[in-house]
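Peer 1: Have a look at this one before I ask anything.
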Number of protein chains: 2
Amino acid sequence: MTESTDTPAAAAPEKTPTENGTTETPPEETPDKATEEKEKEAEPPKEMRAVVLTGYVGLKTVKIQKKPVPTVGEGEVLIRVKACGLNFQDLIVRQVAIDSLPKTPFILGFECAGEIEQVGEGVTNFKVGDQVVALPEYKAWAELVSVPAQYVYALPSGMTALDAVAITTNYVVAYLLLFEIANLTPGKSLLVHSAGGGVGQAVAQLAKTVDNVTVFGVCSKSKHEALKANNNNIDHLLERGSDYTSEVRKVSPEGVDIVLDCLCGEECNRGYSLLKTMGRYVLYGSSNIVTGDTRSFFSAVRAWWQVDKVSPVKLFVENKSLAGLNLRHLLFQHGRADYVRRAVERVFALWGEGKVKPLVDSTWALEDVVEAMQKMHERKNIGKLVLDPSLEPKPKPATPAKGKSGKEKKPAKESSEEKKDKETKEEEKKPEENESKDKEKESS
Amino acid sequence: MTESTDTPAAAAPEKTPTENGTTETPPEETPDKATEEKEKEAEPPKEMRAVVLTGYVGLKTVKIQKKPVPTVGEGEVLIRVKACGLNFQDLIVRQVAIDSLPKTPFILGFECAGEIEQVGEGVTNFKVGDQVVALPEYKAWAELVSVPAQYVYALPSGMTALDAVAITTNYVVAYLLLFEIANLTPGKSLLVHSAGGGVGQAVAQLAKTVDNVTVFGVCSKSKHEALKANNNNIDHLLERGSDYTSEVRKVSPEGVDIVLDCLCGEECNRGYSLLKTMGRYVLYGSSNIVTGDTRSFFSAVRAWWQVDKVSPVKLFVENKSLAGLNLRHLLFQHGRADYVRRAVERVFALWGEGKVKPLVDSTWALEDVVEAMQKMHERKNIGKLVLDPSLEPKPKPATPAKGKSGKEKKPAKESSEEKKDKETKEEEKKPEENESKDKEKESS
């Protein structure tokens, strides 16, 4: 068994599950269900909250539901989740019929961090109480998740769960792009799209650990001021949707050594044309296939159809490289968990050296996931969007405004500050958690 | 001016050139011409022997001719050639109508080493007497060549001209393939075609400077014994023309991390299919377009037509890379002479560390160039084929056997030994050359 299931925990067979425990958010329980819940209170909870995708049409299909606590199979660990990372891939899952998507309903999420609560048979490298981050194949956005140990990584001493989800996916992708695929060396130049996003920020930061590297970053004009204020890792900020290739050529007439493209579609051709000789174009995402609010099969087809196929003979004549990186496929289809583990270890070591400083855009309650996803969809985040199952949802307005725009949203900072207040309270009421943190520090 | 010309040296305008000085090999001079030659003896020679391509059909178009000594333009140096390197590219030039080939007749050759005899205006980094290797755009196979200084590299102390032509092109290509493009790191595996050739041997040798690298080499069965006896840089020797992909998968079921392909054609598709995830396929030659004795436009078309075009989306889905390396284009079309210079310097440093040990197959007189090219064409060489303008041609049989096969050829070793004998004699008669060698050692 390598997957957690939605059946009740095997350790407690005496408990009959509710009819798959589906409760929608905001949780408005019927009187009957409320009674059922009360009856359970005397016993340890066998249910958990989770972010569930109930269908492939629109944001309304993302719901918070009660789900049975997952069982822990052989080779798995059960993690009590403290923080979940949002990645662009989550939007793609929600919207597009790509290969091998699970049938709805299922729990969303590819990244979470927390504490190990139970260890399955055959797992020797983890113990209860370990602080870890995990990259499971779905199911990460819940209070508890059962994950094969091969996708679980121990946190170095001093790294919080929030740090961990802001670091792991983004910096592992950035690390593999720059140092495994593009072979970034001193004096080179690179262009990265979605420069304000989690991976974009990680790329710019890691690129600047190499001497004399020039970074061109493309993102919405609205982010430019904030990015300039935040750091100076990006040498040339260019505007998404503008004729940025001309802007690049004004600075560097011969183009750039490396193009990192997470957009796909016509950006592939544009990126390739921007390459210097001996340059590399790397496609590591296809966010251009996410365009509207609904399942966008046609935008996926268009994005892929726009991409010119290239003959190796052309690369030979032009001295260029093309590459692709897909972390999910690497882990779940190509069986390269060990390879990814080495990259995670390298990234954590860079964090230890102070070279990785993750940027968190904002932290959200599970119940506010739709708003967080919408923010990513509209590319308004700067840095990582994080879900925290312990956070209280934002108070909803008396008459909910269900417009398309996110204009009525509160500034992201408030959400994070809310979380900080809460953390302080939690520390007061949960001394046993701090104990286990100390244990971890001793062992590591 | 960046090119030497076939007009007589500007320094000696009083001399009228012969009618382009064409004398075929073996040089059987007419009585008139012999008289002409005698008249010149009193003055410094204004002509030189060169390997000239006189047409694009068959081996008979390669001739030894007398040509005027080239002029030295601004930014150029005139080199007295001691050794010329044969590269597969020379065969492609001879046979195939690829882009931007010069009109015949022209002097062949892309690689030579020797001593600087004259320095053009504006050249500050070389002086008369410097021992150098050069990668000119044609014209390298002659007694003298004028080369833009940007394509000329000073030899490190102790490196002979023979070493230099055995090292420069082959190891620079191997270095760029392994360390710039394929990013070879410990534990990886690679497959290289034409494993017995100059680049193949350089690749295997440089690959083994990295820990725990597994090298698969494909070449003619006839070379296997000699290669095994010569070194053990190739872990698994596979037979050209066999189902080598199955053989690779017996050893490494998941394939290899790196495929280096100098063949093109259907080997492109086969090479790509052999890649592990995160693997790289690099095309660095197209020797499959050289098939017969005559200009083979159709085999070029076939070789390129057989190559599947690949979408970057496929690379993204499969976590793979495609790349091309073309040293000539890098130097002469893409203006990356500085980039190549850094690679040359790195390779010479590796030679200084004893990590580069060039393998010379055999050394030939200019007059025996056709036989040398035929040996490369038939892929019978192990290591580098070198021309030495100071060598006497081999004695020709009384009745020359003009068969297709090279069976009546002498073993290559004899030719090299001949050269060694000659070197000893030359040392006796040319003390000034040894003096300048000593000078070079002092200055470097």
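The values are calculated or read from the model by the stated rules, or taken from the named source; none is laboratory data. Note that this is a predicted model, so its numbers are computed, not measured. Note that we place each Cβ from the backbone using ideal geometry, even for glycine, and neighbour counts take in every protein chain shown. Calculation scope for accessible area: heavy atoms of the full protein, side chains included, ligands and nucleic acids excluded. Shrake-Rupley method; radii C 1.70, N 1.55, O 1.52, S 1.80 Å.
Peer 1: Please tell me which of these pairs span more than 32 angstrom C-alpha to C-alpha: A:Lys384/B:Lys320; A:Lys188/B:Lys103; A:Lys67/A:Lys355; B:Lys127/B:Lys394; A:Lys357/A:Lys394; A:Lys276/B:Lys103?
Peer 2: Over 32 Å Cα-Cα: A:Lys188/B:Lys103; A:Lys67/A:Lys355; B:Lys127/B:Lys394.
Peer 1: To the nearest 10 square angstrom, how much accessible area does A:Thr169 have with a 1.4 angstrom probe?
Peer 2: A:Thr169 exposes around 10 Å² with every protein chain in place.
Peer 1: Please work out the average accessible area per residue across the range B:168-332, using the 1.4 Å probe convention, and give it in Å².
Peer 2: In whole numbers, the range B:168-332 has 34 Å² accessible per residue.
Peer 1: What is the distance, in nm, between label points placed 7 Å from the Cα along the Cα-to-Cβ direction at A:Thr209 and at B:Ala226?
Peer 2: 4.7 nm
Peer 1: Between A:Thr54 and A:Ser390, what's the calculated FRET efficiency when r is the beta-carbon distance and R0 is 25 Å? Round to 0.05. Please list the in-between numbers first.
Peer 2: Numbers: r = 24 Å, r/R0 = 0.96.
That gives a FRET efficiency of 0.55.
Peer 1: Amide H neighbours of B:Val360 under 5 Å, at least 5 residues apart or on other chains, H built in the peptide plane: list them.
Peer 2: Distant-sequence amide H within range of B:Val360: B:Lys384.
Peer 1: Continuing with the same structure: How well do other chains shield peptide A:336-346, expressed as the mean number of their Cβ atoms within 10 Å of each residue Cβ? Could the numbers behind the result be given before it?
Peer 2: Details: counts 5, 0, 0, 4, 1, 0, 1, 0, 0, 0, 0.
If you average over the peptide's residues, the count of other-chain Cβ atoms is 1.
Peer 1: Between copies, how far does the label point of B:Thr209 sit from its twins, in nm, shortest first, when each point is 7 Å from Cα along Cα→Cβ?
Peer 2: Its label point is 2.5 nm from the equivalent points in the other copies.
Peer 1: Among rounded, prolate and oblate, which fits the range B:67-152 when a ≥ b ≥ c are the square roots of the eigenvalues of its C-alpha gyration tensor, a/c under 1.5 means rounded, and a/b larger than b/c means prolate?
Peer 2: Because a/c hits 1.5 or more and a/b exceeds b/c, the range B:67-152 counts as prolate.
Peer 1: How charged is the neighbourhood of B:Lys314? Take every other residue with its Cβ under 11 Å from the Cβ of B:Lys314, and add Lys/Arg as +1 and Asp/Glu as -1.
Peer 2: Values: positive: A:Lys309, B:Lys309, B:Lys320; negative: B:Asp308, B:Glu318.
Here the charged neighbours net out to +1.
Peer 1: For A:Asp338, place a label point 7 Å out from Cα along the Cα→Cβ vector, do the same in each other copy, and report the separations in nm, one decimal, smallest first.
Peer 2: Here A:Asp338 shows inter-copy label distances of 4.3 nm.
Peer 1: Please report the spacing between the Cα centers of the range B:331-368 and the range A:323-381 in Å, no decimals.
Peer 2: 43 Å
Peer 1: What nm distance separates the two modelled labels at A:Glu266 and B:Ser242, each placed 7 Å from Cα along Cα→Cβ?
Peer 2: Those two pseudo-labels are separated by 5.2 nm.
Peer 1: Could I get the Rg over Rh figure for the range A:167-332? Both from C-alpha atoms, Rh via Kirkwood, rounded to two places.
Peer 2: With Rh from the inverse mean 1/r over Cα pairs, Rg/Rh is 0.94.
Peer 1: From other protein chains only, count the Cβ atoms within 10 Å of every residue's Cβ in B:277-284, then give the mean.
Peer 2: Partner Cβ neighbours, averaged per residue: 5.
Peer 1: For B:Ser222, go 7 angstrom from Cα along the Cα-to-Cβ vector, then report the distances to that same point in the other copies in nm, smallest first.
Peer 2: 7.1
Peer 1: Moving on to the next point. Roll a 1.4 Å probe over the protein chains and send me the accessible area per residue for the range B:107-167 in Å².
Peer 2: Result: 29 Å² of accessible area for each residue.
Peer 1: Label points 7 Å out from Cα along the Cβ direction at B:Asp338 and A:Arg346: separation in nm?
Peer 2: 2.8 nm
Peer 1: Show me you know the interface measure: the accessible area buried between B and A, both chains summed, probe 1.4 Å, in Å² to the nearest 100.
Peer 2: That pair of chains buries around 3500 Å² in total.
Peer 1: Quick one: with all protein chains in place, what share of the accessible area of the range A:167-332 is carbon or sulfur, to the nearest percent (1.4 Å probe)?
Peer 2: Carbon and sulfur: 49 percent of the exposed surface of the range A:167-332.
Peer 1: Here's something else I'd like to know. How many partner chain Cβ atoms sit within 10 Å of a residue's Cβ in peptide B:322-330, on average, as a whole number? List each step's numbers first, then the result.
Peer 2: Working: counts 11, 10, 14, 6, 6, 1, 0, 5, 3.
Counting other chains' Cβ atoms within 10 Å and averaging over B:322-330 gives 6.
Peer 1: I would also like to ask the following. Just need the Rg to Rh number for the range B:206-295, please, alpha carbons only, Kirkwood Rh.
Peer 2: 0.97
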